[in-house]
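Accompanying notes for the structure given below.
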C-alpha cells in the first residue's frame, strides 16, 4: 500500500484530535439500541422470553458492542434466561433505570471536559448500554465502554445513588480506555500479577475521582480506615503472585464484608505518586502510560500504611 505524504498524516491527526476534543466537550455518545430491543422483547413476552427468542431477537441482532460483551463475558441466551428465571426483579428494575440516562449524559459533559484537560491524549469512544446475565457491571475494549444495565442497576453496594453510580462507573471505565498497561493474559501467565491489576484498577479510580468527584467504590474509605498498614502489609506479601482471589472481583451478594481491596491499594499507590509530584499533569500522564508495574511502584513513594489524604482532590 503506498505511503501517504507526511503532511496528509499530520492533517488527519489534527482533524482527529480536534474531533476528539469537541466530542469530549459534548460528552460521550450513549448507545441504547441493544437495551431498547431487549425490553421490546421483554414487554412482548410478559417478561418471560424463551432461550430461542433471546438468541434470535436479541443476541443475533446485537450491535458490535453487545457481541464483544457477550464473547468476553460468556453471555448466552441460555444464561440470560436462567438469570431472568432466578432473579426476575433485577430485570424489571433495570427498565426503570433507563430514566436516569439523560441526567447521566448531561453530567458526563464536564467530566469528560476535565479528562480532556488533564490528559490531552484522551480518547472518547461511545458508551453502549446492553443487557446481560447479571454481571459484569461493565467492560472496556477499543471500541468503547459497554455497561450491563441490569448489573449496574442492582449494584447498590457501589453507591446508593443511581445517577452518581452511573457517572462514577463510566468515569472509572474511561480510565481503563486511556491506559497503556496490559491486563489481558492467558491463564497462568506470570505477568498477570496482583500488583499489575491493582495499578490498573487504581489508575481508573484516581481518574474517576479527578474527573467526576469520587472513586467508583466509595465504601473503601470507611472499610480501610485505621487498617491501612494491616491491609497493605498483606498486599505486599502477595503482590508479585498471580492469585488475585481475595483482592479483586470477590463481592458476595448480600454480604457487608469488604471486597475489591486491590482497587483501593492500587489507588493509594498511584495517588501517592500523583500527590508527591510537583507537576501533577505530567504525573498523571506517567500513571496512565505506565508499562512496568514494579518500576512504577519503586518510583511511587508509596509505603504500606503510609498516611495519605482520603481524596486526591484539593491537594
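The values are calculated or read from the model by the stated rules, or taken from the named source; none is laboratory data. Only a predicted model underlies this, so the values are computations on that prediction, with no experimental measurement involved. Cβ coordinates were reconstructed from backbone atoms using ideal geometry, including for glycine residues, and neighbour counts include every protein chain displayed.
Numerical summary
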{"item": "Residue within the stretch 23-35 that is in contact (Cβ under 8 Å) with a residue 12 or more places away in the chain, out of contact with any strand residue (DSSP E or B) (no Cβ under 6 Å at 6 or more places or on another chain) and farther than 23 Å from residue 167 by Cβ present", "result": "no"}
{"item": "Odd one out for residue 55 among (1) free of Cβ contacts under 8 Å to residues at least 24 places away in the same chain; (2) not in a helix (DSSP H, G or I)", "result": "(2)"}
{"item": "Number of positions in the stretch 282-298 that are surrounded by 12 or more Cβ atoms within 10 Å (Cβ to Cβ) and under 19 Å from residue 174 (Cα atoms)", "result": "8"}
{"item": "Which listed residue, of 142, 160, is free of Cβ contacts under 8 Å to residues at least 24 places away in the same chain and under 15 Å from the mean Cα position of the chain (by Cα)", "result": "142"}
{"item": "Check on residue 117, without any contact (Cβ under 8 Å) to a residue 12 or more places away in the chain, farther than 21 Å from residue 292 by Cα and more than 13 Å from the chain's Cα centre (by Cα)", "result": "yes"}
{"item": "First in the stretch 184-197 and modelled with pLDDT of 85 or more, second anywhere and surrounded by 21 or more Cβ atoms within 10 Å (Cβ to Cβ) and part of a loop (DSSP other than H, G, I, E, B), Cβ under 7 Å, 6 or more apart", "result": "193/239; 194/239; 194/247; 195/239"}
{"item": "Filter pass, residue 79 being under 18 Å from the mean Cα position of the chain (by Cα) and assigned by TED's automatic domain parsing to the domain that holds residue 39", "result": "no"}
{"item": "Residue in the stretch 218-227 that is at pLDDT 95 or above, in contact with a helix residue (DSSP H, G or I) (Cβ under 9 Å, 6 or more places away or on another chain) and not in a helix (DSSP H, G or I) present", "result": "no"}
{"item": "Candidate set: the stretch 284-302, residues that are farther than 9 Å from residue 272 by Cα and in a loop (DSSP other than H, G, I, E, B); chosen: the one farthest from the chain's Cα centre (by Cα)", "result": "292"}
{"item": "Any hit, the stretch 299-309, residues being touching a residue at least 12 places away in the same chain (Cβ under 8 Å), under 30 Å from residue 162 (Cβ atoms) and either assigned by TED's automatic domain parsing to the domain that holds residue 162 or surrounded by fewer than 16 Cβ atoms within 10 Å (Cβ to Cβ) (or both)", "result": "yes"}
{"item": "Unmet criterion (only one of (1) part of a helix (DSSP H, G or I); (2) loosely packed, with under 13 Cβ neighbours inside 10 Å) for residue 46", "result": "(1)"}
{"item": "Qualifying residue in the stretch 245-254 (condition: assigned to a loop (DSSP other than H, G, I, E, B) and modelled with pLDDT of 95 or more)", "result": "yes"}
{"item": "Hey, residue 170 touching a residue at least 60 places away in the same chain (Cβ under 8 Å), within 27 Å of residue 134 (Cα to Cα) and touching a strand residue (DSSP E or B) at 6+ places or on another chain (Cβ under 9 Å) or not", "result": "yes"}
{"item": "Complete set of residues in the stretch 237-248 that are touching a helix residue (DSSP H, G or I) at 6+ places or on another chain (Cβ under 9 Å) and surrounded by fewer than 22 Cβ atoms within 10 Å (Cβ to Cβ)", "result": "238, 240, 241, 242, 243, 244, 246, 248"}
{"item": "Filter result for the condition that a residue is modelled with pLDDT of 95 or more, in contact with a helix residue (DSSP H, G or I) (Cβ under 8 Å, 6 or more places away or on another chain) and part of a helix (DSSP H, G or I), over 114, 163, 82, 173", "result": "114"}
{"item": "Positions within the stretch 117-129 being touching a helix residue (DSSP H, G or I) at 6+ places or on another chain (Cβ under 8 Å) and part of a helix (DSSP H, G or I), in sequence order", "result": "118"}
